[in-house]
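A quick write-up on the structure given underneath.
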Amino acid sequence: MAGTTVKTEAIVLRSIRYGEADRILHLYSKTRGRLGAIAKGARKPKSRYGGRLEPFFRLDLVLHEGRSDLLTVTNVATVEGYPRLRSDGAALTAGARACDVVLRLLDAAEPNPPAYNLLCRYLALLDDPRESEHAAGLEVALAFRLKLALAAGFVPELASCTRCGEVEHLVGFSGAAGGVVCASCEAGSFDFSEQAHTFMVEALAKPLSEAPAAEPRALRQVERAVGETLEHHAHVQLRAAA
């Protein structure tokens with residue numbers, strides 16, 4: 001069978017039953033970006049793939065690239081299975097939402113190392129018993145979305161008014177404009193508190209594990225700001241972060 005052999009590390013974002021015994025995989029690859037693949041016979045009782053083709057698994061894959069849009073899995077080895085994540089309901093939910101954001105936002109078949117490393121880091125935090133409770137919270141989920149938006153090239157403007165350049169009295173946020181707006185330019189924006197602004201700045205600057213705390217009202221504003229920015233500029237609608 002003519003074609004190309006592809007070797008890559010990837011995370012399983014979604015795994016779908018297909019036919020009598022196969023699986024369709026949505027993958028995010030370290031070296032190829034978004035990939036779709038089929039694992040033939042993966043659901044047979046004695047499949048050589050075992051349970052490794054489930055969401056969140058980080059794998060070393062050998063794939064056959066032929067004429068189909070789907071690559072064919074020919075060999076797989078586990079890099080990390082994140083087993084503790086799977087036994088914790090809150091961590092499992094947070095991991096699923098993170099993979100869903102990656103699916104919606106990063107659809108190009110080209111590498112994005114910052115995005116890949118960010119997803120690996122988030123799954124590792126959710127798997128760590130010392131970090132999982134904090135990592136599964138809304139603050140870290142929103143920090144993940146912000147950093148992913150940055151990696152995808154859609155981070156909101158936070159330093160000055162997106163309409164006039166004013167650096168003070170930044171009281172609103174406009175998804176259409178792509179960032180904060182000042183009191184003079186706030187028409188069409190929504191109220192954006194100083195705490196929400198500070199959260200976004202600090203969440204982008206700090207490691208994911210050090211996502212800052214904020215009041216629920218500020219976090220709702222942050223979620224809306226990220227969501228509306230991506231809706232207007234990436235044409236992507238995200239599901240609720242929590």
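The values are calculated or read from the model by the stated rules, or taken from the named source; none is laboratory data. Model, not experiment: these values are computed from the prediction. Virtual Cβ from ideal backbone geometry, glycine too; neighbours counted across all protein chains shown.
The table below lists the values:
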item	result
Hits in segment 46-66 (condition: farther than 28 Å from Leu126 by Cα and either surrounded by 14 or more Cβ atoms within 10 Å (Cβ to Cβ) or not assigned by TED's automatic domain parsing to the domain that holds Thr31 (or both))	Ser47, Leu63, His64, Glu65
Of all residues in segment 97-122 being crowded, with 16+ Cβ neighbours inside 10 Å and of a type in the set (Gly, Ala, Ser), the one that is farthest from Lys30 (Cα to Cα)	Ala98
Any hit, segment 105-117, residues being in a helix (DSSP H, G or I), of a type in the set (D, E, K, R) and within 18 Å of the chain's Cα centre (by Cα)	no
Qualifying residue in segment 131-141 (condition: closer than 18 Å to Glu231 by Cβ and in contact with a Lys or Arg (Cβ under 7 Å, 6 or more places away or on another chain))	yes
Selected residue (criterion: modelled with the highest pLDDT) from residues of segment 1-22 that are under 25 Å from Leu92 (Cα atoms) and of a type in the set (Asp, Glu)	Glu9
Helices (runs of 4 or more DSSP H) lying entirely in segment 138-242 (those with 2 or more residues that are in contact with a Gly (Cβ under 8 Å, 6 or more places away or on another chain) and in the same structural domain as Arg104 (by TED's automatic domain parsing))	216-233
